[in-house]
Amino acid sequence: MASISRVLTKRVLSSKALPVAAQCSSRSFHFSIYGKKDYAKVSDDISTQYPVVDHEFDAVVVGAGGAGLRAAFGLSEAGFNTACITKLFPTRSHTVAAQGGINAALGNMEGDDWRWHFYDTVKGSDWLGDQDAIHYMTEQAPAAVVELENFGMPFSRTEDGKIYQRAFGGQSLQFGKGGQAHRCCCVADRTGHSLLHTLYGRSLRYDTSYFVEYFALDLLMEDGECRGVIALCMEDGSIHRFRSKNTVIATGGYGRTYFSCTSAHTSTGDGNAMVTRAGLPCQDMEFVQFHPTGIYGAGCLITEGCRGEGGILINSEGERFMERYAPNAKDLASRDVVSRSMTIEIREGRGCGPEKDHVYLQLHHLPPQQLATRLPGISETAMIFAGVDVTKEPIPVLPTVHYNMGGVPTNYKGQVITHTEGEDKVVPGLYACGEAACASVHGANRLGANSLLDLVVFGRACALTIADTCTPGEKLSPLKPSAGEESVANLDKIRFANGNTRTSEIRLNMQRTMQNHAAVFRTGDVLKEGCDKMDAIYQTMEDIKTFDRGIVWNTDLVESLELQNLMLNAMQTIHSAEARRESRGAHSREDYKDRMDELDYARPLAGQERKPFEQHWRKHTMSSVDPKTGKVALEYRPVIDTSLDQEACSAIPPAIRSY
Amino acid sequence: MSLLSVCASASKRLVTHALFVESAFTGYLRTASGAVKDKEPLRKAKTPQGRFDMNDEKTKDPLEKFPDDVNPATKEQGGPRGPEPTRYGDWERKGRCVDF
């Protein structure tokens, strides 16, 4: 027996299957495929302390979620030498948590037309969405879903083998007059997970270079053009400059600016902050989508069905407070009414828990059998995420951030734009897609199941636009040798920061301030107070203290850089919200309860005078921040009211939004 | 050679009947060479449960799979298990809302 085992071990040791790393002492983590062109050169142009490696590519994509992967392999398919920089492994991006479905007017369940989907999306956005981008998205939707299905995504099927579509998310037929439409395609209950894995698997067929666990620090801008990205390799602490003619930003949303959000810890708005530091504006940052009942601490959302089945919301005094705010509907009032009532209760001191910052959702007065049959799995959910036995104790809940409608402004082709002298001007070399971008298909409010569609359509749009305007292997514009100096200096400053407040304390302060002042309940005084507090918290960033002085996998450093990004997003959100004096979609104010458009659409239009641009609010907010002082500057840009082709699909004139 | 002697002694310890020993011995030889599938059931099919092992019954999913993965009411194949996720207007699964 012993002789056999000795023979076996000898064979294992001599096999070539062992990784190189175990055999020799010099460790090389990156694979270099034989014969592949990689112009990586080490330079010490910007720093002698940090090794800087320069790369050259035709296109660089920052972020590898649904939109990033689609853009990356779309570009590789078109023949471009593409790099995909991501701080997480692609299948760990937050797209994996999107478990709803994708909307597309395929017409499998009943006759359908993408123009009706277009109408529903325009109405859902409260007429703040750019109608040309919405036209593009809804027209491309059936082709995009069929393309995904051809990539191998296992949608659920009808008996005939067509993709099964269900009713969801405010979709209607015949421009709102034909009843509920069935447009939502799904993959059992894990559409986002399946989408991400399908796209990742597909992207491996093309030779995109993946730079996984590289944290993108800044854009390299010169003469108003984007010439690349500078990133930190978290594995070994080296700085990498990626020079390219085209950069696509697909970094996702910034839910982590709030105390309670459904987003992952990595949703820190890095792309928005990079664009802000480059001096470009971000659009519609004040529109943040909330859900009333998110579990305190965990951030998972509890379905409205709980209240539909008889669950009630109670405050610290045990009172069913919804009776005061909505005497008829009580707990079944609409989501924004419930969110606002909960926030008012917490503000007035009747919140529960040691910090008095949440309310309770009570379900134990319902018979346990009924709960188990109507809402199977809820006892598991409550035990895992809230640690309560739902048949004995109430669940702590508070309004939770779910999606950010705002982001980097783009046109319908995915190119980043600025608004100067009354016109939209394209920033050469810069593109954006996904939740990080604001092509404004969602406008003031996102409809359910539209965001996964947004990812794939605009990811593909960015790839197509780049393929149209450039050719692979084009010569790159010159870049100053010292490009990226400030980013490295900032990195060094944060790495050796020795102030008094820790990163986690500043972050918690920011999150609590945003949750108390820029959440669902917005009034002039509350927002103004919040703006002042946020300005003060921004100044405390000078006093930050970090502990880890190393450079290899320094998560303290990366979290502090992420906090810098979060701060820029938070400042823009709260200042834009304070300035917008109306209620539209997800942004609702107690002191200005109505929508303020150029004409009053509640009354007959004949004889009404159009309000000038400065006096109405049907416009996009373009916010920019001075990173040194934290001062926010706001400008406005008109909404695009014309569709791409007036004959194929006429634009929808604004009207009152009621469901 | 040593392997065969070990196997032979092991089989001798387990059974005493001569004929049975021979058939078992040939059975062992044949399974060792991989030519014939063993017709005898395994004596200890499952490893004994340890102190910290969880019971299998505790990890049952509250949502049951449909027969053949086809929802009997809507005839959807490959769809979500359990009651319809969109019945309350949002996408609900195990009490959690994932989209609205």
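Summary table
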{"quantity": "Inter-label distance, nm, simple model (7 Å from Cα along the C-beta direction), A:E235/A:Q174", "calculated": "6.0 nm"}
{"quantity": "Using a Förster distance of 30 Å, the FRET efficiency for B:D61-A:F89 (Cβ separation, nearest 0.05)", "calculated": "0.65"}
{"quantity": "Segment A:393-468: GluC sites (Glu not before Pro) in DSSP coil with no more than 12 other Cβ atoms inside 10 Å", "calculated": "A:E421"}
{"quantity": "Listed pairs A:K245/A:K631; A:K87/A:K631; A:K545/A:K628; A:K545/A:K631; A:K593/A:K619 exceeding 20 Å between Cα atoms", "calculated": "A:K245/A:K631; A:K87/A:K631; A:K545/A:K631"}
{"quantity": "FRET efficiency estimate (nearest 0.05) - Cβ-Cβ, A:E542 to A:R502, R0 22 angstrom", "calculated": "0.95"}
{"quantity": "Euclidean distance of C-alpha centroids, segment A:374-394 and segment A:402-465, integer Å", "calculated": "39 Å"}
{"quantity": "Number of partner chain Cβ atoms within 10 Å, mean per residue of A:285-291", "calculated": "1"}
{"quantity": "Peptide-level mean, for A:297-305, of C-beta atoms on other protein chains within 10 Å", "calculated": "5"}
{"quantity": "Taking segment A:444-547 and dividing mean pair separation by its residue count, relative contact order in percent (alpha carbons under 8 Å, at least six apart)", "calculated": "34 percent"}
{"quantity": "Average partner coverage of B:67-76, which counts Cβ from other chains inside 10 Å", "calculated": "3"}
{"quantity": "DSSP H segments from chain A that extend 30 Å or more along their own axis, Cα-based, with Kyte-Doolittle mean of -1.0 or above", "calculated": "A:555-579"}
{"quantity": "Label point distance in nm, A:Q49-B:L42, each placed 7 Å from Cα along Cα→Cβ", "calculated": "6.0 nm"}
{"quantity": "Among A:Q370, A:V388, A:C352 the positive-end extreme of the charge dipole of segment A:316-400 (Cβ point charges)", "calculated": "A:Q370"}
{"quantity": "Mean Cβ count within 10 Å, highest first, over the residues of peptides B:78-84, A:180-186, A:469-475", "calculated": "A:180-186, B:78-84, A:469-475"}
{"quantity": "Theoretical ellipticity at 222 nm over chain A - DSSP helices of four or more residues, -39500 (n - 2.57) apiece, nearest 500", "calculated": "-9500 deg cm²/dmol"}
{"quantity": "Electrostatic dipole magnitude of the protein assembly as shown [Cβ: Lys, Arg +1; Asp, Glu -1; Cα centre; debye, to 20]", "calculated": "2920 debye"}
{"quantity": "Residues A:F287, A:F496, B:F100, sorted so that the one with the fewest Cβ neighbours within 10 Å comes first", "calculated": "A:F496, B:F100, A:F287"}
{"quantity": "Separation in nanometres of the label points that stand 7 Å from Cα toward Cβ, at A:E647 and A:H365", "calculated": "6.3 nm"}
{"quantity": "Modelled FRET efficiency - R0 45 Å, A:T555 with A:L605, Cβ distances, 0.05 increments", "calculated": "0.20"}
{"quantity": "Part-to-part distance (alpha-carbon centres) for segment A:544-605 and segment A:512-539, which is given in Å", "calculated": "10 Å"}
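Every number in this text was worked out from the coordinates using simple rules, so none of it is lab data. Every value quoted in this text rests on a predicted model; they were computed, and no experiment measured them. We place every Cβ from the backbone using ideal geometry, glycine too, and count neighbours over all the protein chains shown.
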